[in-house]
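Enquirer: Below you'll find the structure I mean.
Every read-out reported here was derived from the displayed coordinates using simple, explicitly stated rules and does not represent laboratory data. Computed from a predicted model, the values in this text were never measured in an experiment. For neighbour counting, all protein chains shown are included, and Cβ atoms are generated from backbone atoms with ideal geometry for every residue, glycine included.
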Amino acid sequence: MKRIAVIAGDGIGIDVTREAVKVIEALKKLGGLEVDLKEFDWGAERFLRDGISMPPGGLDMLRNEFDAIFVGALGDPRIPDMRHAADILLGIRFGLDLYANVRPVKLISRKLTPLKDRTEQDIHFTVFRENTEGAYVGMGGNFKKGTADEVAIQEELHTRKGVERIIVYAFEFARKNRLKKVCMSDKSNVMRYGHDLWQRVFKEVSGRYPEIEPSHLYVDALTMQMVKNPGQFEVIVTNNMFGDIVTDLGAALQGGLGLAASGNINPEVTSMFEPVHGSAPKYAGKNIANPLGAILTSAMMLAHLGFEPEAKRIEDAVKDSIDQNVTTTDLKGKYGTREVGDFIAQHVIAAR
């Protein structure tokens, strides 16, 4: 039995997580999917009520008692500094050392992409973003803050260990899935220290995988090529900040953030899965949020836990919902969050 911690979070996170859970529970009725879901009320409401983001011992509990973590979305305007969201998301990401942010970019239907004359075969690649280093470690400071002479310093941090393990993870993924190309992206022509480390490590690691073709693009060239010719990519690996940017571009290519799934993974510990979109508080509880990103994230999580057939059922059901226009208004459908979730839950059972 695999145990999954569910943190619905805030805003539409609650709405879309409910539908992802609904789909998983439907699959459990078929037998064979041995998972136990336990929901936690960690989010803005609890923080405002009790002043607690993650209770004492919460991280150790997740590490020791669960096989995966599913997070909806976090963020609430009543907490301007979003402290609770940082405590939970970054606390889990850094506390469990979830170094690989994995973002599939997969076009489900050609009618969804903004690119002209592109098909499902053209937009089908995976981005591996280093998740615990780079520009997001919070190193830096301000001098004479708030004055005309203010100085702000923001530093990147790259370690040999951190760079090597995400590059190895990308190549191992390519090898496991019989893919032939891995592209690394940086800005080493300008950032000559940290990104030079990426260059040297990528060259060394790629030599261990002679069957896979390595390539390199500066990040500005990468974004251009993702639009001009996305079909050339199978696996992309890059640093934390650039990965944050190019994966949102990838989401746009596949139809929008409402379809984007992600995993925060360390294969040696409990990993966390979350749809990419934000909490969008003004849409919460109105039955209009797109649940497909959360549902696809649940499929990604189940595949990670070893339930590949069940994950495939979910992906097929999502494709059918799009093909039959059983979608929310952002995808030009006329259905609500719950109705889309109901369709997919019924489909995974009917497809038996």
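Enquirer: Compute the relative contact order of the chain as a whole-number percentage, counting only Cα pairs closer than 8 Å that sit 6 or more residues apart in sequence.
Expert: Contact order relative to length: 25 percent.
Enquirer: When the dipole is taken about the Cα centre of the range 301-342, and only Lys, Arg (+1) and Asp, Glu (-1) are charged at their Cβ, what size is it in debye, to the nearest 20?
Expert: 140 debye
Enquirer: Ordered by residue, what ³J(HN,Hα) values in Hz, to whole numbers, does the range 90-105 give under the Karplus form 6.51 cos²θ - 1.76 cosθ + 1.60, where θ = phi - 60° and Gly and Pro are x?
Expert: Result, rounded to whole Hz: 5, x, 5, 4, 7, x, 9, 6, 7, 7, 10, 8, 10, 10, x, 10.
Enquirer: So, counting K/R as plus one and D/E as minus one, what does the shell of residues with Cβ under 9 Å around TYR218 add up to?
Expert: Neighbourhood net charge equals -1.
Enquirer: Right, another one. Is it possible to state the helix-based mean residue ellipticity at 222 nm for the chain, with each DSSP H run of 4+ residues giving -39500 (n - 2.57), the sum divided by total residues, to the nearest 500 deg cm²/dmol? What is it?
Expert: Rounded to the nearest 500, it is -12000 deg cm²/dmol.
Enquirer: Magnitude of the Cβ-charge dipole of the chain, K/R +1 and D/E -1, about the Cα centre, nearest 20 debye?
Expert: 660 debye
Enquirer: How charged is the neighbourhood of ALA294? Take every other residue with its Cβ under 11 Å from the Cβ of ALA294, and add Lys/Arg as +1 and Asp/Glu as -1.
Expert: -1
Enquirer: Now for a separate question. Are there any helices in the chain, counted as whole DSSP H runs, that stretch 15 Å or more along their axis by Cα and score at least 1.0 on average by Kyte-Doolittle, and if so which?
Expert: 292-304
Enquirer: Find the eigenvalues of the gyration tensor of the Cα atoms of the range 46-162, then list the square roots of 5 times those eigenvalues as equivalent ellipsoid semi-axes, largest first, in whole angstrom.
Expert: Largest first, the range 46-162 gives 31, 24, 18 Å.
Enquirer: I've got another one for you. Amide H to amide H under 5 Å from THR126: which residues, 5+ apart in sequence or cross-chain, H placed 1.01 Å off N in plane?
Expert: VAL105, VAL235, ILE236
Enquirer: Hey, another quick one. Percent antiparallel among DSSP beta bridges with both residues in the chain, to the nearest 5?
Expert: Rounded to the nearest five, the antiparallel share is 40 percent.
Enquirer: Whole-Hz ³J(HN,Hα) for each residue in the range 258-270, computed from phi via Karplus 6.51 cos²θ - 1.76 cosθ + 1.60 with θ = phi - 60°, x for glycine and proline: what do you get?
Expert: x, 10, 8, 10, 7, x, 10, 10, 10, x, 9, 9, 5
Enquirer: Name the residue from LEU107, TYR136, TYR218 whose Cα lies farthest towards the positive end of the charge dipole of the chain, charges +1 on Cβ of Lys and Arg and -1 on Cβ of Asp and Glu.
Expert: LEU107
Enquirer: Report, in whole Å, the centroid distance computed from the Cα atoms of the range 221-246 and the range 36-95.
Expert: Answer, in whole Å: 31.
Enquirer: Cross-link list LYS180/LYS312; LYS106/LYS332; LYS29/LYS180; LYS187/LYS228: which exceed 27 angstrom alpha carbon to alpha carbon?
Expert: Among LYS180/LYS312; LYS106/LYS332; LYS29/LYS180; LYS187/LYS228, the Cα-Cα distance tops 27 Å for LYS29/LYS180.
Enquirer: Where in the range 115-165 are there GluC sites (Glu not before Pro) that are in a DSSP coil and have at most 14 other Cβ atoms within 10 angstrom of their Cβ?
Expert: Taking the range 115-165 and a limit of 14 other Cβ atoms within 10 Å, the loop GluC sites (Glu not before Pro) found are GLU150.
Enquirer: Relative to the Cα centre, what is the charge dipole magnitude of the range 110-265, using +1 at the beta carbon of each Lys and Arg, -1 at the beta carbon of each Asp and Glu, and rounding to the nearest 20 debye?
Expert: Dipole size: approximately 420 debye.
Enquirer: Follow-up question, since we're still on this one. With every atom except the alpha carbons ignored, what do you get for Rg and Dmax of the range 110-265, in angstroms?
Expert: Final numbers for Rg and Dmax: 17.1, 56 Å.
Enquirer: Restricting to the range 110-265, what percent of DSSP beta bridges are antiparallel, rounded to 5?
Expert: Roughly 30 percent of the beta bridges in the range 110-265 run antiparallel, per DSSP.
Enquirer: Between the range 169-197 and the range 303-352, what's the alpha-carbon centroid distance in Å?
Expert: Cα centroid of the range 169-197 versus Cα centroid of the range 303-352: 33 Å apart.
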